[in-house]
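Novice: My questions all concern the structure below.
We did not get these values from a lab; they are worked out from the coordinates using the rules stated. Small disclaimer: the values here were computed from a predicted structure and weren't measured. Every residue, glycine among them, receives a Cβ derived from its backbone with ideal geometry; neighbour counts consider all protein chains shown.
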Amino acid sequence: MTGAQAAGFTGREADSGAASAVKALQADGRHAEARERYAELVARHQRRASRIAFHYMRDVAEADEAVQDAFVKAYSHLSSFREELPFEVWFTRILINGCLDRIKARTRRERWIAPMPDGPAGERDFGERVAGNDPSPEDQLLSRERRERLARALARLPERQRSVFMLSHYEGCTSREVSALTGLNESTVRVHLFRAIRKLRTLLVEAPGVERNVEKRRVHS
Amino acid sequence: MSILNRLRLTAHLDEAGLIAIWTDASTTGVRQLHPHLENCAACRTRFAELSSWLESVRIDARSEAHESFPAERLAAQQALIFRRLEAAERPARVIAFPRFAQPLTSRTSHASRWIAAAAAAGLIVGVGVGQLMDLRHSLARPQATQARLSPTVNAGRDARVQSLSAARDEAFLSELDATLSRASVPELRALDAFTPKADDQPR
């Protein structure tokens, strides 16, 4: 067993313990203590949840709200949580369903409401304003371009392929975990992952090459 | 080893083959090298290139998410989550249906009833006083009538008053005449001569 796997098991055990304790405290009506205990779970899963929500929503504010909703929902429905299932899986499922609902609502909204024009350059999103380890402006620009291309390519994938790719590749979930999270069977998960990578390669590696060739031809002619 | 298997091992892996190998390794978590990759350096290089590209995609995506959610944002998010949980657990505030607000309304109407009663009492008292005044006037009127009916008595009294004031006027005027005739200041005599007199005015 690797260190990471061992840590995962320990984390899961801790999650189950915390979730059971919160459930018991809620049942006793000791809500303040239940919330205190629940804070452990929130602290442990918050970053990962925010990351997953951000990959789905591609919008910091919406991802933030989706994470909040998921934690509130999980707390209020903790009585329906079964200990045999890892809390992480149960919670991530709530989060993903919430994100998908939000995406549907957003698509509906965008169909009927004209988008607002972008504000001045100084009023960009909080996430965009936060700089990492202060890379050079050129690096920042290149990185932003690369990320935008990746986001556009991911957006072109079918929803299931996108979900499987994000959970498997970004979050490092095994096919069994992705199967538990998405409700797809394991072999379907593998097929979706394969197709997602193939399509992304076509869009991100082969397509720019085609674009470069077109540019070269233009220069020569 | 059969010729077919040997052919399969010697033929280079295409992109799909490399992705399939990577997918299997990724989803199962078992890193076993494909027999062809062990023998073919070119395919091994292409597989390494694919793996590093996928790794760079993963790092890019994760770092973007991390940058979007710095520690301060996560702290704020956590605070909001617990504020919402607290609010959800607090018993809901029940707004009383108007029917249940009856005591409050009745208290108000009690006061207003007193005000109305005082106003009515004031009106009644006012009307009563008005009536009494009217009655007094009507009682005083016969006396005036009586006075009109006996002029001789009043005439005698008026004559007495008139004679008294005439005597007083006469005394005043005579005193005035005496003062004028006694014009004894020599410096003012010339001025007096120039001053027109009431008696000089043509009639």
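Novice: Excluding same-chain residues fewer than 8 positions from B:K197, which aspartates and glutamates have a Cα within less than 14 Å of its Cα?
Specialist: Within the straight-line limit of under 14 Å, B:K197 reaches these aspartates and glutamates: B:D177.
Novice: Report the full-extension gain for the segment B:A119 to B:E49: residue separation times 0.36 nm, less the Cα-Cα distance, to one decimal in nm. Working shown, then result.
Specialist: Details: separation 70, 0.36 × 70 = 25.20 nm, distance 9.92 nm.
Contour length minus Cα-Cα distance gives 15.3 nm.
Novice: For the range A:8-113, what's the relative contact order in percent, using C-alpha pairs closer than 8 Å and at least 6 residues apart?
Specialist: Working: 79 pairs, mean separation 30.4, N = 106.
Taking the mean separation of contacting Cα pairs over the length of the range A:8-113, I get 29 percent.
Novice: When the label point is put 7 Å from the Cα of A:S79 along its Cα-to-beta-carbon vector, which residues of the range A:10-40 have a backbone N closer than 11 Å?
Specialist: A:26-29
Novice: Across peptide B:78-84, how many C-beta atoms of other chains are within 10 Å of each residue C-beta, on average? Walk me through the numbers on the way to the answer.
Specialist: Working: counts 7, 0, 6, 12, 8, 1, 6.
Other-chain Cβ atoms within 10 Å of each residue's Cβ, averaged: 6.
Novice: May I pose another question? If packing is taken as the mean number of other Cβ atoms within 10 Å per residue, what is the order of A:55-65, B:47-57, A:93-103, B:85-95, highest first? Can you show the working numbers first?
Specialist: Numbers: A:55-65: 19.7, B:47-57: 15.1, A:93-103: 18.1, B:85-95: 9.9.
For the peptides A:55-65, B:47-57, A:93-103, B:85-95, the packing ranking is A:55-65, A:93-103, B:47-57, B:85-95.
Novice: Still on this structure: Give me the one-decimal Kirkwood hydrodynamic radius in Å for the range A:8-113, with the sum taken over alpha-carbon pairs. If you can, show how the numbers build up before the last one.
Specialist: Numbers: mean 1/r = 0.0692 Å⁻¹.
Evaluated over the range A:8-113, this radius sits at 14.4 Å.
Novice: Across peptide A:150-161, what mean number of C-beta atoms from other chains lies inside 10 Å of a residue's C-beta?
Specialist: On the way: counts 5, 3, 0, 1, 2, 0, 0, 0, 0, 0, 0, 0.
Counting other chains' Cβ atoms within 10 Å and averaging over A:150-161 gives 1.
Novice: Ranked highest first by the average count of other Cβ atoms within 10 Å around their residues, in what order do A:26-34, B:14-22, A:175-183 fall? Mind showing how you got there, number by number?
Specialist: Numbers: A:26-34: 14.0, B:14-22: 17.2, A:175-183: 19.7.
Top of the packing list down: A:175-183, B:14-22, A:26-34.
Novice: On to the next question. For the range A:8-113, give the magnitude of the charge dipole about the Cα centre (Cβ charges: +1 Lys/Arg, -1 Asp/Glu; no others), in debye to the nearest 20.
Specialist: Values: 19 positive and 16 negative charges, 96 e Å.
Here the range A:8-113 has a charge dipole of around 460 debye.
Novice: Order the peptides A:77-89, A:12-24 from the highest to the lowest mean number of other Cβ atoms within 10 Å of their residues. List each step's numbers first, then the result.
Specialist: Numbers: A:77-89: 14.2, A:12-24: 16.8.
Going by the mean number of other Cβ atoms within 10 Å, highest first, we get A:12-24, A:77-89.
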